[in-house]
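Undergrad: Sharing a structure with you now.
The values are calculated or read from the model by the stated rules, or taken from the named source; none is laboratory data. Everything numeric in this text was worked out from a predicted model, so none of it was measured. Cβ atoms come from the backbone with ideal geometry, glycine included; neighbour counts cover every protein chain shown. For accessibility, only protein heavy atoms count, side chains too; no ligands or nucleic acids. Shrake-Rupley method; radii C 1.70, N 1.55, O 1.52, S 1.80 Å.
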Amino acid sequence: LNKLNSFRHIYYEQKGGYLFLPVFIMLVFSFVAIVLPMAEQNLPHKFLWLEKEVWLAPSDPAIAQLFLGAIAGSCITVLSVVYSVLLIVLTFASIQFSPRILTSFLKDRVSQNTLGLFIGTFAYCLICLPSIHQGKEIFVPRFALILALFLASACLFVLIYFIHHIALAIQANYIVDRIARETEVVLRNLFGQPFSGAPCNEEPLVEPDGVIA
């Protein structure tokens with residue numbers, strides 16, 4: 001029973017922490033990077049329409065490798081720079097306002113999804129690189145390259161939204177509002193009924209005994 005409770009505690013901590021969701025997204029992207037080039041190579045007649053869309057993805061193997069390498073390098077570079085600066089900002093904000101800022105950052109779904117998208121795109125591009133063949137048998141997974149392009153565009157837009165989200169999250173009014181909402185949830189779970197707010201009528205004033213009017 002103690003081992004079962006410890007496993008549940010580890011699962012709960014990882015599920016609510018900063019590791020579970022980004023790693024899950026990275027594994028999904030890695031699986032897609034393995035399956036998609038194999039399907040494109042084994043079923044070429046399903047992807048004949050890509051021959052007309054030359055502008056979306058390069059057909060030359062060397063350029064395709066540079067394409068994936070540039071996306072992978074950009075993702076990991078932007079991620080390392082942004083998160084390094086962000087940790088410094090959150091540290092100063094936690095000293096100024098409350099240490100709960102770091103805890104809320106670890107549990108924030110936007111932060112977890114952003115990290116998962118960047119490391120997932122990085123892993124996707126790295127895994128797709130060996131599928132590009134040169135020499136006698138030239139093979140370029142065009143659809144996989146198009147998906148890498150869309151993932152890179154998604155990383156750009158998500159990064160802008162992530163910076164905006166963090167800029168709002170470290171403001172004092174947002175922190176107070178979040179603590180109030182968390183307190184209401186705790187009160188509802190403690191008393192077992194919805195929080196009804198302040199009473200409508202004031203309670204009558206009862207003077208203690210021994211007070212001389």
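Undergrad: Just the accessible area for ILE175, please: 1.4 Å probe, Å², rounded to the nearest 10?
TA: Estimated to the nearest 10 Å², ILE175 gives 10 Å².
Undergrad: Could you tell me the accessible area of LEU19 in Å² (1.4 Å probe, neighbours in place), rounded to the nearest ten?
TA: Accessible surface of LEU19 is approximately 100 Å².
Undergrad: At 1.4 Å probe size, put THR91, THR121 in order of accessible surface, largest to smallest. Before the final figure, lay out the partial values.
TA: Values: THR91 65, THR121 0 Å².
Largest accessible area first, the list is THR91, THR121.
Undergrad: Using 7 Å Cα-to-Cβ label points, what is the LEU19/LEU187 separation (nm, one decimal)?
TA: That separation, rounded to one decimal, is 3.6 nm.
Undergrad: Run the quick spin-label model on SER84 and ILE146: label points 7 Å from Cα toward the beta carbon, then report their separation in nm to one decimal.
TA: Each label point lies 7 Å from its Cα, and together they span 3.7 nm.
Undergrad: For segment 89-147, what are the per-bin percents of Cα-Cα distances with bins 5 Å wide, up to the bin holding the maximum?
TA: Reading upward from the zero bin: 4, 15, 15, 13, 11, 9, 7, 8, 7, 5, 3, 2, 1.
Undergrad: Quick one: order GLU40, GLU137 from most to least accessible surface, probe 1.4 Å.
TA: Working: GLU40 15, GLU137 145 Å².
Descending order: GLU137, GLU40.
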